[in-house]
Structure formats: C-alpha cells, structure tokens
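Undergrad: Quick one: this structure, given as structure tokens, is what I'll be asking you about.
The values are calculated or read from the model by the stated rules, or taken from the named source; none is laboratory data. Because the structure is a prediction, the values reported are computed rather than measured. Methodologically, a virtual Cβ is constructed for each residue, glycine included, from the backbone with ideal geometry; neighbour enumeration extends over all protein chains shown. Surface accessibility is based on the protein's heavy atoms, side chains included, excluding ligands, DNA and RNA. Shrake-Rupley method; radii C 1.70, N 1.55, O 1.52, S 1.80 Å.
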Amino acid sequence: MIDLRSDTVTKPTHEMLMEMTRAEVGDDVFAEDPTVNAFEQKMADLFGMEAGLFVPSGVMSNQLSINVLTTPGDEVIIDELGHIFNYESASAAHLSSVQLRPVKGHRGKLTPEIAEAAIRTKNEWDPHTRVIAIENTTNKGGGACYSKTELTDIRKLADGHGLAVHLDGARIWNAMTATEIEPAFFGSIADTMSICFSKGLGAPVGSMMLCSSDHKKHARRHRKMWGGGMRQIGLLAAAADYAVEHHWPLLKKDHSRASRFAKELDASEAFTIDLDTVESNIILFDPVEGLATDWVQTFGDNGIGVVPFGKHTIRATLHFQITDSEFEQVLEFVRSAEA
Ligand SMILES: *Cc1c(COP(=O)(O)O)cnc(C)c1O
C-alpha cells in the first residue's frame, strides 16, 4: 500500500538502525544515559529552552506540560480542533484535574481575540484560566502554520493576563520548514513545548518536553509516576537524533509534493480543495459526491491509504518514505478519478 494515512507510518531506515547500535547507553531513570542527556540538552539549546525531557509519546509530553503548568481546578484554553482536546482520552481531566476550554479558531489556530474572550474573571467560583495551548502545525486543522506575528501576539496576551503558553509542536519540524522561523523563536513564545521525532522525521519512538529546569524536575517525577521512566533509551535518543540530523531536511520535499497533489485534486472533477489550506505535508480535501468513507475504500482498492476526516472530508499526509514512482501513481489515480 502507498501509505498516506499518516506520517507516523514511517519506519527506521537501515542507517538509523546502525546509528542506534552505536549509542552509548545507561539507566535513564538514574539520569545516567549519556546519549539521552546529550540529546535532551541539544534539543533544549536548539529551541532556546532550558531543559528537555525525553518521553515515549507526544501525549505524555503534552500532558506533563499541562501538569507542570496547572493546579487542580484550572482551565486550559485550546482550539476545538486541538489534539489535546480531541485525541488524548480526556487525560488532562484524568491526570491533572483540569478542564479544557475548547474555542472555535481558524483551521486549528487561535487568535489573541478568540483566546482573550475565553479568559475568565477571578470570581471565587470560576475555573482559573491558566494556560493557552496552541498547536503548530495543526493536525486536525490540516497542517496550518502560525506566523511569527501571530505567535508574538498570543505571547503578549498571555503575559498581559499572567497565563502560560504550551506549544504542541508534534509537527514543529514541518512548521519550521514551511515558515523558515528559527527554532529558538519558539522557545521565546512557549513556557512548555512538546516536539516529536516519530512523525515525519521517521524515528520509531519518542517525543520531548522542552521547559525550564524546575519544570523538568517536576515532570521527571510525574513521568515516573505515569509509567514513563525508561532505562537504556539512548538507543531511541540516537534514532531521534539521527532523524533530526538527516530527515528534517527531507520535509521540504513532502511539502512540495503536498502542493502538487493539491493542484491535481483541484484540477480533478471528482474532488474539491481550497489550495490556500495546503501549507505543509497534510492535505484535506472533499469528494464532490459521495461519502468520505466510500472514497477512502476506493483509494484503498487502488493501493492508496488515506483516512476519512469527517463525513465529506479526506486526509492525506505526505512523508519521505513514499517513492517517486509511488507518488506518480497517486497523481495518476487522482487524474483518472471520476465524480
Ligand atoms: C500525533 C500528535 C500528538 C501525540 O503524539 P503521540 O506520540 O501519538 O502520543 C500530539 N499532538 C499532535 C498535534 C499530534 O499530531
């Protein structure tokens, strides 16, 4: 199958596996894995943050971030399309006893005006607004990216109200590729940040929470409490480091393919797409007729994996393990599709 269901389907390459076998390791619960320690500091430095904490998943780094920024009874403002709101099993309620306040933004992005309208007064009975959580690029929002100005304005709003900013950067690598914003800028915006190595970068496992040294201490305890304390994971850090060094530059091609794919969809009589919405490696498009699930089946019958993303919307995601000839096959299918 030509797998465009997600960029999480990427598998470790031979070179990545070789790099893993060379990693020097130790017990990371004792903070004694030299490869992990070096990689955490390298990522923290890259993004202009004090500290990094390597964790098994993006959900864990998001949830640790919420945990360090809040106390029970607090509220987190988030776009209604946010991953933390839609795909994390209500864990902010379960693990941190906080409430999410989903608001309607634009393609998964908040504006200062929209976020500000959701900030509560400080009555005794109000939930305490504590965090603005943003996502870059947006997943359910179709890969939309924040501009520098948009991010600066959200930071200013947060500062004005004494709020923290959490940035879910599962696809921050795509955001940086699309906008050419330098990594350290994000550190100036976010109090906590989650970055991921196992999506388009192609590492088998791993995300990282970026934060202050104090927050890291608290997060290490909760990572252990939640069962995420791991041992000789220098192997995984080596894979993630390899992915950053060697696969980050490949995202450019995913993006240019996404825009070629989108143009082909736009030209097809079977599909509609708003070309302006294709900013990175995610493409959301609608069949002119018929249900998304039926079309997903038809794509599947033609050897192409995509996913339904609503009743009439389909999502395709590009990644570097699609070969040129596979990609041509996808375009050919779109050209031949009839409404
Ligand atoms: C995938 C994803 C996550 C969660 O990552 P997991 O490693 O699957 O837990 C969080 N946020 C966004 C935006 C994502 O796309």
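Undergrad: Along the Cα→Cβ direction, 7 angstrom out, place labels at E328 and H218. What is the inter-label distance in nm?
TA: It works out to 5.5 nm between the two label points.
Undergrad: Another question about this same structure. Would you tell me the accessible area of D301, worked out with a 1.4 angstrom probe on the heavy atoms of the protein chains, in Å² to the nearest 10?
TA: The accessible area of D301 comes to roughly 110 Å².
Undergrad: What stretch of the chain, leaving out the sites themselves, is the longest with no GluC sites (Glu not before Pro) in a DSSP loop having at most 16 other Cβ atoms within 10 Å?
TA: 181-268
Undergrad: Give the shape of segment 10-247 as rounded, prolate or oblate, defined through the alpha-carbon gyration tensor: a ≥ b ≥ c are the square roots of its eigenvalues, a/c under 1.5 means rounded, and otherwise the shape is prolate if a/b is larger than b/c and oblate if not.
TA: Prolate.
Undergrad: At a 1.4 Å probe radius, carbon and sulfur cover how many percent of the accessible area of segment 21-109?
TA: 55 percent
Undergrad: Where nothing but the Cβ of Lys and Arg (+1) and of Asp and Glu (-1) is charged, how large is the charge dipole of segment 3-159 around its Cα centre, in debye to the nearest 20?
TA: So the dipole magnitude of segment 3-159 works out to roughly 660 debye.
Undergrad: Mind checking the per residue accessible area of segment 10-247 for me, 1.4 Å probe, whole number of Å²?
TA: Accessible area per residue: 40 Å².
Undergrad: A further question follows. Please compute the net charge surrounding K148, taking Lys and Arg as +1 and Asp and Glu as -1 over other residues with Cβ under 11 Å from its Cβ.
TA: Within the 11 Å Cβ shell, the charges total -3.
Undergrad: Once ligands and nucleic acids are excluded and a 1.4 Å probe is used, how much of K253 is accessible, expressed in Å² to the nearest 10?
TA: Looks like 100 Å² after rounding.
Undergrad: How much net charge surrounds E326 when only other residues with a Cβ under 12 Å from its Cβ are counted (Lys, Arg +1; Asp, Glu -1)?
TA: After counting each charged neighbour, the total is -3.
Undergrad: What are the ³J(HN,Hα) couplings of segment 122-127, residue after residue, when phi is run through the Karplus curve with 6.51, -1.76, 1.60 and θ = phi - 60°? Round to Hz, x for glycine and proline.
TA: So the J values, rounded to whole Hz, are 10, 4, 4, 8, 6, x.
Undergrad: Same structure again: Would you work out which of L163, P287, A144 lies farthest towards the positive end of the dipole of the chain, given +1 charges on the beta-carbon of Lys and Arg and -1 on that of Asp and Glu, about the Cα centre?
TA: L163
Undergrad: Wrap a convex hull around the Cα atoms of segment 20-66, take a quarter of its surface area, and give that in square nanometres.
TA: 3.9 nm²
Undergrad: Something else about it: Report the gain in length on full extension from S188 to H106: 0.36 nm times residue separation, minus Cα-Cα distance, nm rounded to one decimal.
TA: 27.2 nm
Undergrad: Something else now. Taking a 1.4 Å probe, which of L69, L17 shows the most accessible area, and what order do the others take after it?
TA: Largest accessible area first, the residues go L17, L69.
Undergrad: Still on this model: With +1 on the Cβ of every Lys and Arg and -1 on the Cβ of every Asp and Glu, and nothing else charged, how large is the dipole of the chain about its Cα centre, in debye rounded to the nearest 20?
TA: Computed charge dipole of the chain: roughly 760 debye.
Undergrad: Something else about it: Go through K104/K156; K109/K156; K11/K224; K140/K199; K11/K199; K104/K140 and tell me which ones have a Cα-Cα distance over 18 Å in this structure.
TA: Beyond 18 Å: K104/K156; K11/K224.
Undergrad: Something else now. Just read off the accessible area of W226 with the full protein assembly in place, 1.4 Å probe, to the nearest 10 Å².
TA: Ignoring ligands and nucleic acids, W226 comes out at about 60 Å².
Undergrad: Please tell me the relative contact order of the chain in percent, rounded to the nearest whole number, where contacts are Cα pairs under 8 Å and at least six residues apart.
TA: Over the chain, the number comes to 24 percent.
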